[in-house]
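Data block below; observations after.
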Amino acid sequence: MAIVQALSPAPDGRRRLGLASPATREAVGEITVSTPDEVTAAIARARAAQPAWAARPVKERAAVVARALDVLLARKDEICATVRGETGKPQAEALAVEIVPSCDFINHWSGRAARDLADERVGLHGYMKPLKKLYLQYQPLGVVGVITPWNGPFVLSLNPVVQALLAGNAVVLKPSEVAPHSGGWAAKVLWEAGVPSDVLQLVHGDGETGAALVDGDVDKISFTGSVGTGKKIAAACAGRLVPCSLELGGKDAMIVCADADLERAANGAVFLSMFNSGQVCVGTERIYVVDSVADEFIALVKEKAAAVTYGADGEVGPLFWERQLDIVSRHVADARAKGATIVVGGSPDTEKGLFFQPTVVTDVTHDMDLMSEETFGPVAAIMRVADEHEAVRLANDSRYGLSGSVFSRDPKKVMRIARQLKTGSVVHNDASVIYGAAEAPFGGRKDSGLGQVNGRDALRGYTHPLPILIDRWGQEKENIWYPAGDKTVKTLESTITFVFGNRLVRRFMR
């Protein structure tokens with residue numbers, strides 16, 4: 001992300017933040033921080049505009065959002081230039097991480113909206129089936145606050161905003177203050193597509209602005225970011241009984257089984273640990289390799305990692321934030337001091353930007369920060385294990401649980417191992433791609449988050465599913481309504497005996 005420095009206040013006294021590229025340290029723009037009063041006003045405008053947006057048929061809302069795909073394609077080069085300026089990502093990563101999944105999400109969700117949000121008839125079971133009919137209406141919540149991070153600033157802003165808008169909500173988006181213009185493009189492409197400007201509001205700023213949004217008159221918060229901030233948001237939302245979805249940190253484990261294709265596993269270990277400079281919540285942070293194949297696997301990883309280039313024009317770009325460079329450096333130093341072996345890289349390179357060498361560390365243990373805390377850097381940390389059982393045990397020995405991967409030639413083995421892993425998702429012979437699988441519910445366990453995005457209920461997650469129970473017969477009264485006498489008791493007794501006392505009927509009535 002961009003290097004952020006406080007600038008002199010604006011003429012009206014509002015704070016200003018200057019941005020510099022982490023790859024070149026050159027200035028790439030600035031933002032004026034939205035005040036709490038401005039956030040409150042944005043929410044109020046969104047609140048006023050939301051009913052008209054929700055009243056439009058779902059197909060009409062979907063048609064507006066779908067047009068954003070054409071806008072995105074037309075603006076692709078500008079978006080990539082902004083992302084690269086603020087984050088230093090190589091062009092290939094800007095396209096692969098930000099543009100490709102964003103195109104797919106717009107296309108997918110706008111195509112599913114009418115079906116996923118349509119009123120639904122739900123079959124009833126048992127004794128109530130002949131008496132009532134059940135329908136579900138998916139009502140928008142109202143105003144949704146979306147707070148997004150710096151590591152995937154465009155795609156991680158666009159996806160939740162699109163979902164919330166399609167569901168009929170108004171949205172107030174606050175992108176990270178260190179990649180603000182990249183996140184802001186999510187609003188710009190949707191505005192250009194025809195989403196009303198009051199239905200989608202954009203505010204800029206740091207934690208003060210985010211807190212104003214969380215504490216404001218919103219009906220849900222969607223947050224992607226750090227564990228500490230996520231817990232504060234959860235507490236604030238709980239105090240107001242407002243729902244939230246929290247996608248927080250990860251320490252994803254990769255298990256390399258004895259029967260793995262080691263060439264693919266080594267290629268995956270290097271790429272999945274280092275793409276986006278290792279700053280991916282579902283990137284590989286811990287690698288457990290079965291001892292019988294560890295020597296060959298480590299040799300392959302060492303060879304492949306040593307060939308990875310880094311720098312302003314390299315395959316691995318800079319760390320996006322000076323604070324992150326300090327964390328990665330500290331974790332590697334801690335591992336070295338506690339007996340780990342640095343076989344490739346291992347040092348920061350700050351001559352021109354916030355770079356850290358592509359790094360491979362072996363002989364790691366769980367008393368090292370590198371194996372317990374989120375590192376978020378281009379580091380492949382490899383630990384030998386006796387067998388897959390030990391790998392599972394160690395993979396679960398973490399306060400995080402966002403995702404994980406298993407490399408094996410046997411899909412059935414992967415399914416068996418996956419059932420034992422306490423994590424949000426598991427991927428076979430790959431890893432981070434899980435977020436791009438729109439049909440897969442995405443969310444973490446333990447300190448990795450709360451709730452899920454994507455999946456079958458993605459759009460419905462921004463609605464209230466309203467059950468409506470329709471009376472079939474229109475009788476003057478139900479049997480148990482007053483006055484209730486002996487006949488009522490006899491009817492209830494016979495119903496209980498017939499429905500639940502007969503095992504055959506009991507099974508039929510489930």
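The values are calculated or read from the model by the stated rules, or taken from the named source; none is laboratory data. Being a predicted model, the structure only gives us computed values, none of them experimental. Every residue, glycine among them, receives a Cβ derived from its backbone with ideal geometry; neighbour counts consider all protein chains shown. Just so you know, the surface numbers come from the protein's heavy atoms only, side chains and all, with ligands and any DNA or RNA stripped out. Shrake-Rupley method; radii C 1.70, N 1.55, O 1.52, S 1.80 Å.
For the chain, the 222 nm mean residue ellipticity estimated from helices alone, with every DSSP H stretch of n ≥ 4 adding -39500 (n - 2.57) and the total spread over all residues, rounds to -13000 deg cm²/dmol. Mean shadow of the chain, computed from the convex hull of its alpha carbons, in nm²? Directional mean of the projected Cα hull area for the chain stands at 29.1 nm². When the charge dipole of the stretch 398-485 is built from unit charges on Cβ atoms (+1 for Lys and Arg, -1 for Asp and Glu) and taken about the Cα centre, the candidate among Asn429, Gly474, Gly401 whose Cα reaches farthest toward its positive end is Asn429.
Around the Cα centre of the stretch 433-496, unit charges on the Cβ atoms of Lys, Arg, Asp and Glu (plus for the first two, minus for the last two) sum to a dipole of about 140 debye. By how many nm would the segment from Ala44 to Ala81 grow when fully extended, if each residue of separation counts as 0.36 nm and the alpha-carbon distance is taken off? Result: 10.0 nm gained on full extension.
Put a dot 7 Å past the Cα of Gln91, heading toward its Cβ, do the same for Glu390, and the two dots end up 4.7 nm apart.
Each Cα pair under 8 Å and six or more residues apart adds its separation to the average, and for the stretch 171-282 the resulting relative contact order is 20 percent. Translational D (Stokes-Einstein, µm²/s) of the stretch 287-372 at 25 °C and 0.890 mPa s when Rh comes from the Kirkwood sum over C-alpha pairs? Translational diffusion coefficient: 178 µm²/s.
Summed over the residues of the stretch 70-120 and divided among them, the accessible surface reaches 41 Å² per residue at a probe radius of 1.4 Å. Electrostatic bookkeeping for Val282 treats Lys and Arg as +1 and Asp and Glu as -1; over the other residues with beta carbon under 11 Å from its beta carbon, the sum is -3. Highest average first, the peptides 150-157, 436-443 ordered by how many other beta carbon atoms sit within 10 Å of their residues are 150-157, 436-443. Distance between the C-alpha centres of the stretch 14-54 and the stretch 477-501: 62 Å, rounded to the whole angstrom. Once the Cα atoms are used to define both axes, helix 155-166 deviates from the longest principal axis of the chain by about 10 degrees.
Between helix 58-87 and the chain there is an angle of about 10 degrees, using the helix long axis and the longest principal axis of the Cα atoms.
To the nearest 10 degrees, how steeply does helix 180-193 sit against the main Cα axis of the chain, on a 0 to 90 scale? Taking Cα atoms only, the helix is inclined about 50 degrees. Summing charges over neighbours of Arg393, with a neighbour being any other residue whose Cβ is under 13 Å away from its Cβ, gives -2 when K and R count +1 and D and E count -1. Checked against a 20 Å cut-off, the cross-linked pairs Lys132/Lys487; Lys251/Lys446; Lys251/Lys412 give Cα-Cα distances beyond that limit for Lys132/Lys487; Lys251/Lys412. Basic side chains Lys and Arg get +1 at the Cβ, acidic Asp and Glu get -1 at the Cβ, and with that the dipole of the stretch 376-478 about its Cα centre reaches some 260 debye. Please work out the Cα center distance from the stretch 435-469 to the stretch 63-97, rounded to the nearest Å. Value for the Cα centre distance between the two parts: 25 Å. Less than 5 angstrom separates the built amide H of Ile255 from those of Tyr288, Ser405, Val406, Phe407, all sequence-distant by 5 or more or on a different chain.
Close amide H pairs (under 5 Å, H built 1.01 Å from N) link Gln201 with Val171, Val172, Leu173, residues at least 5 positions away or on another chain. Computed with a 1.4 Å probe over protein heavy atoms only, the accessible surface of the stretch 230-297 comes to 31 Å² per residue. Net charge near Phe500, counting Lys/Arg +1 and Asp/Glu -1 over other residues with Cβ under 14 Å of its Cβ? Around Phe500, the charge tally is +3. Surface exposure of the stretch 382-510, expressed per residue as accessible area with a 1.4 Å probe, stands at 64 Å². Its alpha carbons considered, the stretch 80-128 gives a radius of gyration followed by a Dmax of 20.1, 64 Å. Packing around the peptides 117-129, 278-290, taken as the average count of other Cβ atoms within 10 Å per residue, puts them in this order, highest first: 278-290, 117-129. For a straight C-alpha distance cut-off of 17 angstrom, the aspartates and glutamates reachable from Lys490 (same-chain residues fewer than eight places away being disregarded) are Glu478. Taking the accessible area of the chain, probe 1.4 Å, and keeping the other protein chains in place, the carbon and sulfur fraction comes to 54%. Evaluated with a Cβ-only charge set (Lys, Arg +1; Asp, Glu -1), the chain carries a dipole of roughly 2400 debye about its Cα centre, given to the nearest 20. In percent, rounded to a whole number, the relative contact order of the chain is 17, using alpha-carbon pairs under 8 Å and six or more apart.
Which residue, Val379, Ile287, Gly268, has the largest displacement toward the positive end of the dipole of the stretch 238-390 when charges sit on each Cβ (Lys, Arg +1; Asp, Glu -1)? Positive-end residue among those listed: Val379.
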